[in-house]
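Here, each number is a calculation from the coordinates, and none is a lab measurement. Note that this is a predicted model, so its numbers are computed, not measured. A quick note on method: Cβ atoms are made from the backbone with ideal geometry, for glycine too, and the neighbour counts reach across all protein chains shown.
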Amino acid sequence: PGETQASWMMSGTIKFLTSDLPEARLLRERFVIYVVPMLNPDGVIHGHYRCSLSGQDLNRVWDDPDQVRHPTIYHTKDLMRELSGRGLVFFCDFHGHSTKRNAFMYGCDSEKAGGSKEELVFPLIMAEHSPAFSFPDCDFQMRRHKLTTGRVVVCKELGIGNSYTLEVSFLGHKVAGQLLHFSSGDLMQLGHQFGEMLVRYHLPLQYEVLKGESLPPDVPPAPQGDEDSAREPDKMEAPSAAAETPKP
């Protein structure tokens, strides 16, 4: 809602997912990916910054969405409940941030439940791959006022440890001490990197082979396909994404 940088990121992600790149083809072969590019269409078209047409903050109603007042959240959550019994493994909600710099993620701390801190791995991979992504800015606490957000509800109710909010600053990011504004191309690249890092996280060995990182010196890497995914997109708003393993 009003967080247009999230829309550009989602456009980059969609262009990656639907591309002919070998990484994207591999991800499509191994996973079923559900994408909801906009959860607040009525609010956005009426110029609301954060709220839906009925004045609701849709990222604070995931615990008990109303079918009439919050239909997009209600039906998205209902779909995810159905998918959770078939191997739902990853959820990410794309947003823009008005006070912090850089791109970063909010996750759900598993330590209190005796977890393995697996939720740290994907953000670390993003930070390694993207200069605009800051791991120190990531936060994995589930504070009281965030208990009704998508990432926390999906983690707690559906048991998805890899449940995140991907945030990107309205301002920009620091490179070598210099603050740079995000361009639409930068944001699309972040979305592309997000999609590519899904492959690296879920299918690390295959990703290394595709990149030629684990091949003998005399074996050439796989072809990389066309690179048209960097072209300017049509504008979209307020995205969410979920990945599901395919049925046997």
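Here the spin labels are modelled as points 7 Å beyond Cα on the Cα-Cβ line, and at Tyr49 and Ser183 they lie 2.8 nm apart. Structure note, pairs Lys77/Lys117; Lys117/Lys156; Lys77/Lys156: Cα-Cα distances above 23 angstrom occur for Lys77/Lys117.
The order of the peptides 34-41, 5-12 by mean Cβ neighbours within 10 Å, most packed first, is 5-12, 34-41.
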